[in-house]
Each structure stands twice: as C-alpha cells, then as structure tokens.
1. If I filter the range A:23-56 down to residues being β-branched (Val, Ile, Thr) and under 11 Å from the mean Cα position of the chain (by Cα), which single residue comes out as least open to solvent (accessible area, probe 1.4 Å)?
2. Of the residues that make up the range B:69-87, is at least one within 10 Å of DNA strand D (Cβ to nearest atom) and either modelled with pLDDT of 95 or more or more than 12 Å from chain A (Cβ to nearest Cβ) (or both)?
3. Name every residue in the range A:26-36 that is within 13 Å of DNA strand D (Cβ to nearest atom) and touching a residue at least 40 places away in the same chain (Cβ under 8 Å), in order of residue number.
4. Quick check on the range A:1-22: of everything there that is within 11 Å of DNA strand C (Cβ to nearest atom) and more than 7 Å from every other protein chain (Cβ to nearest Cβ), which residue is least open to solvent (accessible area, probe 1.4 Å)?
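The values are calculated or read from the model by the stated rules, or taken from the named source; none is laboratory data. The model shown is predicted, which means the values in this text are computed figures rather than measured ones. FYI the Cβ positions are ideal-geometry reconstructions off the backbone, even for glycines, and counts take in every protein chain you see. Heavy atoms of the whole protein, side chains included, go into the accessibility calculation; ligands, DNA and RNA do not. Shrake-Rupley method; radii C 1.70, N 1.55, O 1.52, S 1.80 Å.
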Number of protein chains: 2
Amino acid sequence: MLNQSPSLDRVFHALADPTRLALVERLGRGAAPVSALAEPLAMSLPAVLQHLNVLEGAGLVRSEKRGRVRTCALQTEALDRLDAWLAAQRSEWEQRLDRLTAYLDALGDADA
Amino acid sequence: MLNQSPSLDRVFHALADPTRLALVERLGRGAAPVSALAEPLAMSLPAVLQHLNVLEGAGLVRSEKRGRVRTCALQTEALDRLDAWLAAQRSEWEQRLDRLTAYLDALGDADA
DNA sequence: CGATTGGTTAAGCATATGCCTAACTAATCG
DNA sequence: CGATTAGTTAGGCATATGCTTAACCAATCG
C-alpha cells in the first residue's frame, strides 16, 4: 500500500529530524543504496532503515529492490507540495496591505 | 535569550504538528491574542501555550505582552529560510542532467 | 478592595520516537 | 553447498511529546 499523498504535517514531520534531513540532502545529489546512505551516519543500519521508512511513508523517498540491493531516490513531488504550501502562506500574508501595521493595531488595541 | 536563527530541522519540527500548522496558517491571516488562537482548537489553554512556545522557539512566531494580553504574529523570516532551503535542494537536483536516468543507472548497475 | 479575565507554571501521565542488539532471510560468491 | 553480503524484523529501553488538571499571578472592572 503506497502512500499517495501524505498530509503536509507528515512531510514536515519526516524532515524534522537532522538525520532524515541529511538523508534528503544526500539523496538530492543522486540515488543510492541503503548501505551507502548509512555509511556516513553514526548509527546502526536498522536505525537508518527506520528513517528511510519514515521518509518513504511521507512520500519524500521512493525505493526499489534489485537482487539484494535497495536503491533509494528522492521523490521531488513531496517537496513540490511543500513549496506550494509555502507559496500559499506567503500570498496570504503578503496580501495584507501592511502586516506590521496590522500587528501594531492588534497590539495597541487596548491602548486607546 | 532569544533564539536568533534556529536550525532548519527545528523549524520543520515546529511545523510537524497539525495543531501548530493550523496556528501558523491562522497567524498568516493576521496577528491575534493567545485566547483567540486557542478558541477554535479542541484543547486546553496550556496546551496551546506549549505549541506557541515551540513555534516561538523555532522563530516562526513572535509575541508581545501588553497589559494582560499576549499578541502573537507570524515571523515570516523563518518561512523564508525554509523557502531558501527548498530552492537550494531543487537547484541541486535540477542540475543533474537527467535524474531519472541517474536513478535507473543506479538501479541497473548490477544488471549488466 | 474583591471578583473576573488572560495567561502562566507545575506536575503527571500515556504514547511516540530514536536508538540499540540479536536473530533471521535472501541473494551472490567460491 | 557453505560463507558472505545487504537488508529486514523483533524486542526493548530511554527520552521526548502532547495533553490534562490544579494552582497561581497580574491586570482590569465594579
């Protein structure tokens, strides 16, 4: 059962760990088998596996097994969705004529 | 001690929770006092406070207290940093002439 | 001043996370 | 076939997270 489009907070969650962030950055430079990904990390293979599973569950990584080697690659669509969210956020608060003014307004409301 | 520029994975961590994500989206539509932020959420005020503290610790939210009211606002710089990271990632993997080919290459390496 | 309102702190609890080691499976290699 | 090699599963443990309730402080309001 492939996870088609995990919720955004799941994507964020997947990126919320330094090891996983490093894995994503590493995979951004090209696909690699599990053991190659694990090599520079100061932790056991099973631990790396778990991280990869989280990334895969969030739709950030896709992997395929050939013989006894599992090759992993970035699935950029997930990052696209992240980008889309950011853009939406930005358009929202950039629409406000003057954010700072609104903020000070809210702050000074009780001030008279 | 204000956290000047929290690490990226801390920002991701802050956004990795549905409640906090909702808070950020809400704040994107304008600054608001704590109780107003808490109102639509099905949880106690202290819980909301904790979430806000996480967001503030990650540099995503700034707040100021006037009288007995704490007003919170989005700190968009943190989102900018996120955007910058995404752009960097993208430029990295878009540089590769043909990602798919590279992936299949890696996959088929043992294939002959 | 006393009551209310808005927020904050503290303590505790259930679950989730990140990691490890040990044991096991599957694909090559000799 | 037997020995590696690559990955996977299982079980367990220590810490982190998200939430709750109870108690508390500070700024208004009457």
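1. Out of the qualifying residues, it is A:Val24.
2. So far as the range B:69-87 goes, yes, one or more of its residues are within 10 Å of DNA strand D (Cβ to nearest atom) and either modelled with pLDDT of 95 or more or more than 12 Å from chain A (Cβ to nearest Cβ) (or both).
3. Matches in the range A:26-36: A:Ala31, A:Ala32.
4. Step one: filter the range A:1-22 for residues within 11 Å of DNA strand C (Cβ to nearest atom), giving A:9-10, A:13-22.
Then drop every residue that is not more than 7 Å from every other protein chain (Cβ to nearest Cβ), which leaves A:10, A:14, A:19-20, A:22.
Numbers: A:Arg10: 106, A:Ala14: 0, A:Thr19: 26, A:Arg20: 22, A:Ala22: 40 Å².
The selected residue is A:Ala14.
This table checks each residue for (1) within 13 Å of DNA strand D (Cβ to nearest atom); (2) in a loop (DSSP other than H, G, I, E, B); (3) more than 10 Å from chain B (Cβ to nearest Cβ); (4) touching a residue at least 24 places away in the same chain (Cβ under 8 Å).
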{"site": "A:Val24", "(1), (2), (3), (4)": "no, no, no, yes"}
{"site": "A:Leu41", "(1), (2), (3), (4)": "yes, yes, yes, no"}
{"site": "A:Pro46", "(1), (2), (3), (4)": "yes, no, yes, no"}
{"site": "A:Leu49", "(1), (2), (3), (4)": "yes, no, yes, no"}
{"site": "A:Leu55", "(1), (2), (3), (4)": "yes, no, yes, yes"}
{"site": "A:Gly59", "(1), (2), (3), (4)": "no, yes, yes, yes"}
{"site": "A:Arg62", "(1), (2), (3), (4)": "yes, no, no, no"}
